[in-house]
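Some notes on the structure that comes next.
The values are calculated or read from the model by the stated rules, or taken from the named source; none is laboratory data. On a predicted model such as this, the values are computed, not experimentally measured, just so you know. Cβ placement follows ideal geometry from the backbone for every residue including glycine, while neighbour counts extend to all protein chains displayed.
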Amino acid sequence: MNYAAPENNALSPSIQIEPKILYFGMPVILVTTLNEDGTTNISPLSSSWALGHNLVLGMGFGGKCIENVQRTPQLVINVPDASLWRQVEKLAPLTGKHPVPDYKAQSGFRYEPDKFAAAGLTPVPSATISPARIAECPLQIECEVRNVTIPEYAPFFAIVETQAISIHAHPGIMAGGNHVDPSKWNPLIYNFRHYFGLSSALGHTYRAEV
Ligand SMILES: Cc1cc2nc3c(=O)[nH]c(=O)nc-3n(C[C@H](O)[C@H](O)[C@H](O)COP(=O)(O)O)c2cc1C
């Protein structure tokens, strides 16, 4: 697909729409959690935000990720760069949940106990928690889960609040010290179910340090 920037139409009236999804461009994360047999599951997610070292994730029930988190409240947020989109897409139809819930089977999911092998990714032990990290992801954030909330208005998903405990980065994305160099870091963006990287920089906020 070729992306063409639309004409700036800020002054034309908006139209009311009813889209099925609202994935308006979030970074993809690969969340690793501990299975009951001590192996590590990988779940692609795009629902996340950070405030300081507190990270909040949105997880659907019926998947293995939330089941694992409720048993062992630890996870790694592995952040792939744009070059890893094919590996992410290999994970997309897989679930660690067995048997596969009907509604997931109907949308084409199949059970896969070893997602590292299925996607060609490499596990590395975490420094502080049990689930493994993903070596290929340039950022790996080991987190403790602090709270799980199930909204009354939407009981089919969980809001999972986490705190970063230990953070790992590939040296190639660093600017020196503890600063990630934004010109070297190209997150994978989930844009209405299509994968994108970043285009060139537009500018920076007054607080940027590199
Ligand atoms: C790019 C991408 C983003 C996704 N974002 C989310 C998300 O934010 N929350 C969620 O619950 N599922 C999300 N999914 C679907 C899960 O990956 C899917 O439910 C899968 O079953 C998770 O694996 P698991 O069942 O082994 O945990 C996303 C899938 C893809 C491919």
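Considering only residues of segment 138-170 that are assigned to a strand (DSSP E or B) and among the charged types (D, E, K, R), which is nearest to Ala127 (Cα to Cα)?
Within segment 138-170, the subset assigned to a strand (DSSP E or B) is 139-149, 157-169.
Keeping just the survivors that are among the charged types (D, E, K, R) gives 142, 144, 146, 161.
On the way: Glu142: 8, Glu144: 12, Arg146: 19, Glu161: 20 Å.
That would be Glu142.
Note on segment 39-71: among residues that are hydroxyl-bearing (Ser, Thr, Tyr) and either under 18 Å from Pro155 (Cα atoms) or surrounded by 16 or more Cβ atoms within 10 Å (Cβ to Cβ) (or both), the one that is farthest from the ligand (Cβ to nearest atom) is Thr40.
How many residues are closer than 18 Å to Leu51 by Cα and either assigned to a helix (DSSP H, G or I) or of a type in the set (Gly, Ala, Ser) (or both) if we restrict to segment 190-210? Looking only at that region, the number is 1. Please go through segment 121-156 and give me each residue that is surrounded by fewer than 18 Cβ atoms within 10 Å (Cβ to Cβ), more than 18 Å from Cys65 (Cα to Cα) and touching a residue at least 24 places away in the same chain (Cβ under 8 Å), ordered by number. Of everything in segment 121-156, those that are surrounded by fewer than 18 Cβ atoms within 10 Å (Cβ to Cβ), more than 18 Å from Cys65 (Cα to Cα) and touching a residue at least 24 places away in the same chain (Cβ under 8 Å) turn out to be Ala127, Thr128. Scanning for something assigned to a loop (DSSP other than H, G, I, E, B), modelled with pLDDT of 90 or more, in contact with a helix residue (DSSP H, G or I) (Cβ under 6 Å, 6 or more places away or on another chain) and closer than 30 Å to Lys20 by Cβ, does segment 171-189 turn up at least one residue? Yes, segment 171-189 contains a residue that is assigned to a loop (DSSP other than H, G, I, E, B), modelled with pLDDT of 90 or more, in contact with a helix residue (DSSP H, G or I) (Cβ under 6 Å, 6 or more places away or on another chain) and closer than 30 Å to Lys20 by Cβ.
For the condition among the hydrophobic types (A, V, I, L, M, F, W, C), buried (at least 16 other Cβ atoms within 10 Å of the Cβ) and either more than 13 Å from the ligand (Cβ to nearest atom) or modelled with pLDDT under 95 (or both), Val76 qualifies.
Residue selection: Lys115 satisfies the criterion of being among the charged types (D, E, K, R) and either in contact with a Pro (Cβ under 8 Å, 6 or more places away or on another chain) or under 18 Å from Gln140 (Cα atoms) (or both). For segment 79-100, filtered to residues that are among the polar types (S, T, N, Q) and crowded, with 16+ Cβ neighbours inside 10 Å, the residue that is nearest to the ligand (Cβ to nearest atom) is Thr95.
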